[in-house]
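Bear in mind that the values in this text are calculations on the coordinates, not laboratory data. Everything numeric here is computed off the predicted structure, so don't read it as measured data. Quick reminder, even Gly has a Cβ in these numbers, built from the backbone with ideal geometry, and neighbours come from all protein chains shown.
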Amino acid sequence: MTVSGPIPESGVGQADGGAGPDIAFDAFARGQRRALVALAWTLTGDVGAAEDVAQDALHATWQAWDRGGGIRHPEAWARQVVANRAVDRVRRAGRERRALGLVGARPDPTVDLPTTDHEFWDAVRALPARQAQAIALHYLEDRPVAEIAEILGCAPATVKVHLHRGRRALAAALAPETEEGSR
Amino acid sequence: MSTTDDARLDALDRRGRAAARTLLDDLAARGATTLVAEHPAAPAVPATESPAPPEPLVIHLGRPTPRRGPQPARHRWLAAAVVAVLAAVAGAVTVATRDDGRPDVSSGGGPLDHLLPGWLPAGLEPVHAIDIPDTAAAGFSADVAVYGDPDSDDPWSAPLAVVHLVADEELLGGPPSGGEAVTVDGHEARLRDSEGFGDGSPGGAWEVGWQVDDGMLIVSGALTREEVLAAAEAATTEPAIEGSGLPDGYAELARGPFTDSLLFTSLFEGVVPDSAGEGSALAVTYADPSDTDAVRTAVVVAQRSGPASAVDLLRMWIPDADAITVHDRHAVIGRGDELPGSAGEAGVVAVQWAEPEGQLVTVVGYGVDEEAVLRVAEGMRPADAGEVAALRDSHAVAAPRRFGEVRAGQVAVATGESRTGQWRIVANARRGDNIGALTIDRVWGAIGSTSSTTGDRVEPPLDLQADDADGTVVVWGVLWVDAASVTAEAPGVEPVTLDTHEVDGWSHPVVADAFPDDHFASSSGEVAVVARDAAGREVARNTTVLDGGG
């Protein structure tokens, strides 16, 4: 499944003081927001947090778009922001949990996603951050290794390692269910 | 790789792709619900068109997105039990401070031999010096003991903690509630799990709490349900967990007053006036007073009474921590990254150690590299006579934070004062009512700050948003219906009329205004934001944005 096409190059990032870049960004934002929320959710597990992260990523993308320097690959750029900020968010939540959870903190209420395979995504979130990012982009967006590498800002060979290790870890963690599901 | 491995990975891939499909389907369905479920007649119009309803149309605006921290209110929403009590105590301190303009809560512990920095990064100077409150004076104390396996690679990877709260029932808010009813050492207790909090740790954590004669005991750990319950059975109000209740290999890692949590919360968010008290415990913030950036570079130095055994409690707040030495004594250094727009945006480095006179010293750097923070710590020197008193006198109140210019291409829609700083809603001058068009900036205290774009979705109707910090609630959003007035209102309380503002090039006005955070405190009813037309008929209502925030 592909929810986004190949990463397009954008020549519209050069602000011209008119409405052109804004209209182009509008279309970009409308087309990308749901996918960005989904990516953020796979890494945070919280719909509210995911919407915030996606919102921040779009805002950051727009600021870069609007500054006049241009963004060569806005889809990749926005996903990179989502991937990094989602991990930041999770780390912060972990710190709060360690501090507050020890004395009774409760999780934020989560919005139910009724048909979502939470066990699968929970297992993704339990992976090391870089593996989780690569796995999320792999399954959620069916992106090839080269595009994942561009989004994560690393070498394709590194992505291959993350995917290899991540998939093996997931297979081990989900083995009974996955095998059952494959029958 | 074996055939079996291939089959498992194939099955995983099928499951992963199916999981992606169902997630996207769920999110799509959720988005549709947000837009139309509460009012099916509300059209999802393009961003550049006006809804122009022919008849008064009540649009129930979507649920608010949780605000991102860090900000003091966030912790109140997140926390229960101890943290709620701590917040209540902080509130009591605040009230005492506000009544006559001077703190009247004394700090416990004996006089401290204060230390002050002998070296600071260039440009930093004292901007705020406050006393750290002693919550015991407000009838509350909390002590914690933390256990782990000292022989493991990371003894703090699966901590087990026991917290003893001493407070009357009113402060505690009644016995523990929620979760599963269990019996611990003959007491009725409540057991809860912490899964789903999103820190990626498999297994989560369990927590059990119950009332004791003078307050409450809570045992919590990133362990199994059975291990936490076994530990609870062996818990005492010392507080301690007797050996029979500890997992194999576990021993005490740290012990000290848990009221430290208030201090750390303040440190990470900038020490705010809410936490001011009076006494010998001291927190001094060093920054460049001419720095108008929302996110300041700063160093905070805090000193208060405390045992050496409490040094490692810093790890409860910054998991990425290492043992080091400062002044040839055991110390802990921790590093963290906070969210963009927060005081810790450029990174937080915290160092804590104990001086032999029974005082804990904590140095926290915001946007200051680790080497510099360590240099500040190592350079701490005994204060000269009268030096601390002069600091307190000169910097008891931090100079109000002021904004610099708005960023190029943006315009300030509305600006206002908060208790110790400013807020402003910023719009992009050229753009329509669209994604990223509205941003809230806030600065307060010595280093507290928020900069965030929120509440401006791709699809109308757009959420209103609220931000509660520094004694002031700011409400903002785009008004998508024709209305003559917008008010925040609740039963029995004077309504607040919220200003609307035209933005050049925008097709809809922007709601942006603020009111004191205690304005609706006396109302027991719902706080709503209501838009009305010229005839006084309601045309839009938001019942969620101020729920708990006003």
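Below are the figures for this structure:
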| quantity | calculated |
| --- | --- |
| Region B:485-550 - Rg (one decimal) and Dmax (whole number), Cα, Å | 12.6, 41 |
| Packing-based order for B:526-537, B:215-226, A:73-84, B:350-361, using average beta carbon neighbours within 10 Å, highest first | A:73-84, B:215-226, B:350-361, B:526-537 |
| Within 10 Å of each Cβ in A:31-44, the average number of Cβ atoms from other chains | 3 |
| Region A:115-175 pair-distance distribution - Cα-Cα, 5 Å bins, rounded % | 4, 21, 32, 23, 13, 6, 1 |
| Alpha carbon centroid spacing (whole Å) that separates region B:11-28 from region B:362-405 | 52 |
| Relative packing of B:12-24, B:324-336, which averages over residues the other C-beta atoms within 10 Å, highest first | B:12-24, B:324-336 |
| Sorted peptide list for B:117-127, A:25-35, criterion being average Cβ within 10 angstrom, highest first | A:25-35, B:117-127 |
| Relative contact order computed over region A:115-175 (Cα-Cα under 8 Å; 6+ residues apart), in percent | 37 |
| Derived scalar couplings ³J(HN,Hα) [region B:410-415; Karplus, 6.51 cos²θ - 1.76 cosθ + 1.60; whole Hz; x for Gly, Pro] | 10, 9, 7, 6, 8, 9 |
| Approximate spin-label separation A:A155-B:R17, in nm, with each point projected 7 Å along Cα-to-Cβ | 3.0 |
